Amino acid sequence: MLASMANAWKIPELRMKLIFTGMMIIIYRFGAHIPVPGVDIDAIKNYIQSGGGDVLGFLNLFSGGALQNFAVFALGIMPYITASIILQLLTMAFPQLKELSREGEAGQRKLTQYTRYLTVALALAQAVGFTMLFKTQTEAFPDFTMVKFYEIVITLTAGTTLLMWIGELITQHGIGNGISLLIFASIVSGLVPALFNLGQIGLVNTVILGVIAIIVVMAIVMVQEGQRRITIQYAKRQIGRKMTTGGSTYLPLNINMAGVIPVIFASSILMFPPTIANFLPYDWAQSLAEFLGPQGIPFLVLYVVFIIGFTYFYTAVQFDPMERANDLKKYGGFIPGIRPGRPTAQYLDRVLTRLTLPGAVFLAAIAVMPNILIMVMDINFFFGGTSILIVVGVALQTMKQMESQLLMRHYEGFLK
């Protein structure tokens, strides 16, 4: 691992990508500690940590503590993720958007532009909601005026827009997926305080949680890297005067082709109703927020359902069996024992459906595991399963990109 890092640092292009990614993450973490002017930070922090409910604590985790600091990046990257989910669902529902997604790079640029517009709109709505929530529930705004209100809303919306831009810059000029890395940085920033809090649960419980964490990380790596390899045979073909020899290869189908995206999507969707309910000054709204709180049974049941559903949905978006079967037929490839064309597509769809189920169930089990530990062991588990899934998944994804860069230059990669 260390030798591979040293090799990566020796490559000028890769070194610049690493430096650029690191600088962008530093800017993000710096902005997470710059508060909006004229706000009593202690009042908001006390409200979130004591009486703010589990929803705000969950959102504060994904913002890396920026929400309780009421910083420029207080809204985090969640509006962008919510906008991406909405647009992907609309793409599946409306033929015009689906055709646009098939138009190659030009169509993707248009969809990205729509996602940006929707992100700004959602960020504006959330900025208004959080401002009014903290105004009514805390004394965080001692000199509240309409000018101050507009200043706060514009600052928070601009912060999310800037964060979206930083994530896209990391994707284009750095290493890994920028949006995922920003969430990764937010979660990791809370790891050190969580480790210090482990002393409150006793030595025995700390050792038990440590062993569980190691087993969980190993299991996540095994499932994320696990795949079903389907044998592909290519027939001999004549190209001009030359006869190409047929060969045998394989088509890899991952157990969890969607990665950690379903967990992020499910968290974002389930946080939306209780967040809106917290903004409304009605008793039924507060009851709804408590009913759908992250520590409640209804939330856990819906969380499992959404994770499994989004796993199948995102896998279907990434892998089209009919398109893959047509590509194989076009280039003279076939699966032994399966006829080309539609039978191949049906076979791939059947295998992928069976393969996705254990991956989806595994994601859901890891995501709700901390809540089960809290109920069974009666201890506060400071680092949740969702956090571990995202951290390990993003780390693996980033290492794979770095490994591909190293292998292109004939260096030994990270993964053995």
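The values are calculated or read from the model by the stated rules, or taken from the named source; none is laboratory data. If you're wondering where the values come from, they're calculated on a predicted model, not measured in any experiment. Here Cβ is always computed from backbone atoms with ideal geometry, including for glycine, and neighbour counts include all displayed protein chains.
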If you go through 126, 113, the only one that is at pLDDT 90 or above, of a type outside the set (Val, Ile, Thr) and in a helix (DSSP H, G or I) is 113
Can you tell me which residue within the range 202-213, out of those that are over 11 Å from residue 388 (Cβ atoms) and hydrophobic (A, V, I, L, M, F, W, C), is surrounded by the most Cβ atoms within 10 Å (Cβ to Cβ)? 209
Tell me, please, whether a residue that is of a type in the set (Ser, Thr, Tyr), surrounded by 18 or more Cβ atoms within 10 Å (Cβ to Cβ), out of contact with any Phe, Trp or Tyr (no Cβ under 7 Å at 6 or more places or on another chain) and modelled with pLDDT of 85 or more can be found in the range 21-43. yes
Filter result (under 19 Å from the mean Cα position of the chain (by Cα) and surrounded by 16 or more Cβ atoms within 10 Å (Cβ to Cβ)) within the range 87-110: 87, 88
Residue selected from the range 207-248 under the condition outside any strand (DSSP E or B) and small (Gly, Ala, Ser), by the criterion modelled with the lowest pLDDT: 240
What are the residues in the range 131-147 that are polar (S, T, N, Q) and in contact (Cβ under 8 Å) with a residue 60 or more places away in the chain, if any? 136, 137, 138
So residue 136 passes all but one of these: (1) out of contact with any Pro (no Cβ under 7 Å at 6 or more places or on another chain); (2) surrounded by fewer than 20 Cβ atoms within 10 Å (Cβ to Cβ). Which condition number does it fail? (1)
Among residues of the range 397-416, those that are modelled with pLDDT of 75 or more and not in a helix (DSSP H, G or I), counted: 0
Taking the options 72, 120, name whichever one is in contact (Cβ under 8 Å) with a residue 60 or more places away in the chain, within 26 Å of residue 390 (Cα to Cα) and of a type in the set (Val, Ile, Thr). 72
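Here is a yes/no grid of residues against (1) assigned by TED's automatic domain parsing to the domain that holds residue 182; (2) more than 21 Å from residue 258 (Cβ to Cβ); (3) at pLDDT below 80:
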site: 344; (1), (2), (3): no, yes, no
site: 352; (1), (2), (3): no, no, no
site: 362; (1), (2), (3): no, no, no
site: 374; (1), (2), (3): no, yes, yes
site: 377; (1), (2), (3): no, yes, yes
site: 395; (1), (2), (3): yes, no, no
Boolean, residue 290 is more than 25 Å from residue 99 (Cα to Cα) and out of contact with any Cys (no Cβ under 9 Å at 6 or more places or on another chain): yes
Of everything in the range 111-133 that's among the aromatic types (Phe, Trp, Tyr) and within 22 Å of the chain's Cα centre (by Cα), which residue is surrounded by the fewest Cβ atoms within 10 Å (Cβ to Cβ)? 117
